[in-house]
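The values are calculated or read from the model by the stated rules, or taken from the named source; none is laboratory data. Bear in mind the structure is a predicted one, so any value in this text is a computation, not a measurement. Quick reminder, even Gly has a Cβ in these numbers, built from the backbone with ideal geometry, and neighbours come from all protein chains shown. The area values use the complete protein model at the heavy-atom level, side chains included, leaving out ligands, DNA and RNA. Shrake-Rupley method; radii C 1.70, N 1.55, O 1.52, S 1.80 Å.
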Amino acid sequence: MSEKLGNILEIFSAPIGFKGSVRPKVEKLQFIEGHGIKDDKFAGKNLERAVMVVGTKAYEIAQSNGIQMEYGTLGENILFDFDPHELKIGSILKIGDVKLQITENCTVCSHLSVIKKDLPFLIKEHRGVYCKIVQGGEIDKSSSPSLQ
């Protein structure tokens, strides 16, 4: 049995060769078990960190501190309307046919300090979580995330 968690607001991928600071929005993501996200520049590098999911809470914290950021700035692949930090490490997210296992909380990234010096520390408890792909498949924004 699964417990519905919320909604996907946007999905993103950094194509091979991408050098910008805001990941581009995409229509769909293809997850490949043992590899990563199809055509993403980070695919095949660290399978425990193949997917990054973020909740709007990180953006809300930034905004409440006077920092305006476009969605995709935190490097996420999936942006949820709930905080994935409320889930335990090891939890399985089911999105359509895709299954992602939360492996760790995102680390504080110094590149975010380019936006504002204290940004990494303001959002460190809500930046996002890394996931590995347990079962591949394809998702789009209409796919519903649930906890398995």
A correct Karplus calculation of ³J(HN,Hα) over the stretch 63-77, with 6.51 cos²θ - 1.76 cosθ + 1.60, θ = phi - 60°, whole Hz and x for Gly and Pro, returns 4, 5, 9, x, 10, 8, 9, 7, 4, x, 5, 7, x, 6, 8
What ranking do 34-42, 87-95 get when scored by the average of other Cβ atoms within 10 Å per residue, highest first?
34-42, 87-95
For the chain, what size does the Cα cloud have along each of its three principal axes, sorted from largest down, in whole Å?
40, 35, 24
Below 8 Å, C-alpha to C-alpha, sequence gap of six or more: please give me the relative contact order for the stretch 69-148 in percent.
38 percent
Over the chain, with neighbouring protein chains present, the accessible area per residue in Å² at probe 1.4 Å is 52 Å²
Amide N proximity, the stretch 71-106 versus Lys28 label position 7 Å along Cα-to-Cβ, cut-off under 15 Å
96-98
Given points 7 Å out from each Cα along the Cα-Cβ axis, report the Gln148 to Asn65 separation in nanometres with one decimal.
3.5 nm
Local electrostatic count at Cys106 - Lys and Arg +1, Asp and Glu -1, tallied over other residues with Cβ under 11 Å:
0
Given the -39500 (n - 2.57) contribution per DSSP H run of 4+ residues, what per-residue ellipticity at 222 nm results for the chain, rounded to the nearest 500 deg cm²/dmol?
-2000 deg cm²/dmol
Can you compute the FRET efficiency between Asp39 and Lys117 using 1/(1 + (r/R0)^6), with r the Cβ-Cβ distance and R0 = 25 Å? Round to the nearest 0.05.
0.15
Given contacts defined as C-alpha pairs under 8 Å and at least six residues apart, what's the relative contact order of the chain, whole-number percent?
35 percent
Report the extension gain between Asp97 and Phe82 in nm, rounded to one decimal, defined as 0.36 nm multiplied by the number of residues separating them, less their alpha carbon distance.
3.4 nm
Counting only protein heavy atoms with a 1.4 Å probe and every protein chain in place, the carbon and sulfur fraction of the accessible surface of the chain in whole percent equals 48 percent
